[in-house]
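Notes for the one structure printed next.
We did not get these values from a lab; they are worked out from the coordinates using the rules stated. Computed from a predicted structure; not experimentally measured. Cβ: placed from backbone, ideal geometry, glycine included. Neighbour counts: every protein chain shown.
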Amino acid sequence: MPRQFTPKVVTANTLIEGDVVYLDTSDNWTRCHAEAALFADEAQANDRLAFGAAQTGIVVGVYLADATAGETGPTPTHFREEFRAVGPSNYNHGKQAEQA
């Protein structure tokens with residue numbers, strides 16, 4: 001029996017900087033997980049995945065990541081995605097420095 005589809009976001013890394021990015025509802029890449037488009041429909045998620053994967057001059061490593069609807073937007077459901085969403089592990093760089 002196939003697994004039931006669960007909501008997903010499209011995520012990748014920027015080609016030049018390596019930053020984690022997410023596809024938003026306007027088909028733009030955002031560095032904020034809460035601004036990502038959340039896809040509850042498997043066909044739509046796969047369509048947007050193909051769209052993102054075709055942007056080889058902008059992003060690499062495009063894939064679908066499990067997420068759930070939160071009060072301020074999608075939230076990760078797996079610890080790996082939570083870690084990717086907050087930025088590098090060095091607090092002096094990236095998203096974590098901006099939050100300080």
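Taking the Cα atoms only, what angle lies between the long axis of helix 42-53 and the longest principal axis of the chain, rounded to 10 degrees?
50 degrees
Would you mind checking which residues have amide H under 5 Å from residue 15's amide H? H placed 1.01 Å from N; only 5 or more apart, or other chain.
59, 60
As a check on your grasp of the helix formula, calculate [θ] at 222 nm for the chain: sum -39500 (n - 2.57) over DSSP H runs of n ≥ 4, divide by the residue count, round to the nearest 500.
So the helix-based figure for the chain works out to -7000 deg cm²/dmol.
Could you list which residues have their amide H under 5 Å from that of residue 32, counting only those 5 or more apart in sequence or on another chain, with H placed in the peptide plane?
22
If we count every other residue with Cβ under 12 angstrom of residue 9's Cβ, Lys/Arg +1 and Asp/Glu -1, where does the sum land? Write out the running numbers ahead of the final one.
Numbers: positive: 8, 48, 84; negative: 24, 35, 66, 81.
Net charge in that neighbourhood comes out at -1.
So how do 31-38, 76-83 stack up, highest first, on mean other-Cβ count within 10 Å?
On the way: 31-38: 18.8, 76-83: 13.4.
Packing order, densest peptide first, comes out as 31-38, 76-83.
Less than 14 Å Cβ to Cβ from residue 68, Lys/Arg counted +1 and Asp/Glu -1: what total charge do the surrounding residues give?
Working: positive: 8; negative: 66, 71, 81, 82.
Summing Lys/Arg as +1 and Asp/Glu as -1 gives -3.
Please label the shape of the chain as rounded, prolate or oblate, based on the square roots a ≥ b ≥ c of the eigenvalues of the alpha-carbon gyration tensor (a/c under 1.5 means rounded; beyond that, a/b larger than b/c means prolate, else oblate). Walk me through the numbers on the way to the answer.
Values: a/c = 1.94, a/b = 1.34, b/c = 1.44.
Here the chain falls in the oblate category.
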